[in-house]
Amino acid sequence: MDRWLARLIVAQGRWAKPFGDFNHRWLHALFRPIPAIRDLLNGRWLGHPLHGVLTDAPIGILFLVIVLDVLDLRTAADVTLIVGILTMLAAAVAGAADYADTDGTARERATVHSTLMVVALLVYVASLAIRGGGGEGADRALAVWTSLVAFLVLAAGAYVGGDVVYALGNMVSRHAFRGAGTKWIALEPAEVDETGNIPEGRPVKGKLGINTLALVRQGEIVLALHDTCAHAGGPLSEGTIEDGCLVCPWHLSKYRLTDGRARRGPTVYDQPAYEVRRTDSGGWEARRRAS
Ligand code: FES
């Protein structure tokens, strides 16, 4: 069954890719000029993706609608459905902010997820409209069956959404499995200038054991962050320096150079930061800053 489901989802790429690219264009244009709102919706203030927090509410509430319908508690079921629809809208707005910065397969899969959720939402609204008509008998049965169908679509959407996170790692910290060791290790900058120093005023790549760092020299001080952006793996050494921060070239997340603190999303995670010092032999060594 799992293979069949995986094949079924992958097969949706035919329409999901062009549709996702289209959505990406307008969502990007919508969110880019309002970084504070986008940050709020991404969940940077929470240090956790907000969409992931909000999605639990509609799924639980809309499941309760089924229970109340079965018990024939009509007013309670209808009011719960309204609350479910409202929480679904809130989750959708936060999800749209995350969706605006997805790429490749994650964007395709997120397109399938969001399309299913929009279909579920529309079917729920139809159910609510039928309930609002105050119908009895066949009409009430239709309203109940309609919301049951909507829940099945919602569950399918949640399944695909889980895939976006758990199978594709979208909005998962790229440093989730990185050790927090703070041992000094020899640092090898990829470039040095004519004086043998790390070039100043722009990020430079450096090798620290198995890790690659983005180094920024400011006079005698060398500041360093891990090169792999916590958001989706962009190379920070190809980014730009802005207000004492390093800006990722992929989706413009901004990390403070001194401690890796996220100052602008879409990342909701801080970036590993490193201390760098000169060695007695004139080289450099670095270690991860304790967080
Ligand atoms: S990879 Fe998305 S902001 Fe860096």
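Both radii are taken from the alpha-carbon atoms of region 134-291; with Rh as the Kirkwood radius, Rg/Rh is 1.30. The Rg/Rh ratio for region 2-167 is 1.02, where Rg is the radius of gyration of the alpha carbons and Rh is the Kirkwood radius.
Each residue of region 254-261 was assigned a 3J(HN,Hα) from its phi angle through the Karplus curve 6.51 cos²θ - 1.76 cosθ + 1.60 (θ = phi - 60°); the sequence is 10, 10, 5, 5, 6, 9, x, 5 Hz, with glycine and proline shown as x.
When you filter the trypsin sites (Lys or Arg not before Pro) in region 102-209 for DSSP loop state and at most 15 other Cβ atoms inside 10 Å of their Cβ, you are left with Arg178, Lys183. Using the alpha carbons alone, the radius of gyration of region 212-281 stands to its Kirkwood radius in an Rg to Rh ratio of 0.98. Ordered from longest to shortest, the equivalent ellipsoid semi-axes for region 106-191 are 49, 12, 9 Å, each the square root of 5 times a Cα gyration tensor eigenvalue. Pop the C-beta distance of Ile82 and Asp21 into the FRET formula with R0 = 35 Å and round what comes out to the nearest 0.05. Efficiency, from the Cβ-Cβ distance: 0.55. Absence of a disulfide-compatible partner, taken as no other cysteine beta carbon within less than 4.7 angstrom, is noted in the chain for Cys245. Here's the list of aspartates and glutamates a cross-link from Lys17 could span, going by alpha-carbon distance under 12 Å and ignoring same-chain residues fewer than 8 apart: Asp103, Glu108.
Within the same chain, aspartates and glutamates fewer than 8 places from Lys183 are excluded, and of the rest, those with a Cα less than 16 Å from its Cα are Glu275, Glu285. Here region 185-288 is assigned +1 on the Cβ of each Lys and Arg and -1 on the Cβ of each Asp and Glu. Its dipole about the Cα centre then comes out at about 420 debye. Of the three principal axes defined by the Cα atoms of region 73-143, the extents in descending order read 48, 19, 15 Å.
Building the convex hull from the alpha-carbon atoms of the chain and averaging its projection over directions returns 18.7 nm².
Label positions at Ala90 and Thr195, each projected 7 Å from the Cα along the C-beta direction, are separated by 5.6 nm. Distance between the pseudo-spin-label points of Glu238 and Thr75 (7 Å out from Cα toward the beta carbon): 6.2 nm.
Read-outs: derived from the displayed coordinates by stated rules, not from any lab. Fair warning: this is a prediction, and the values are worked out from it, not measured in the lab. With ideal geometry, Cβ positions are generated from the backbone for all residues, glycine too; neighbour counts draw on all protein chains shown.
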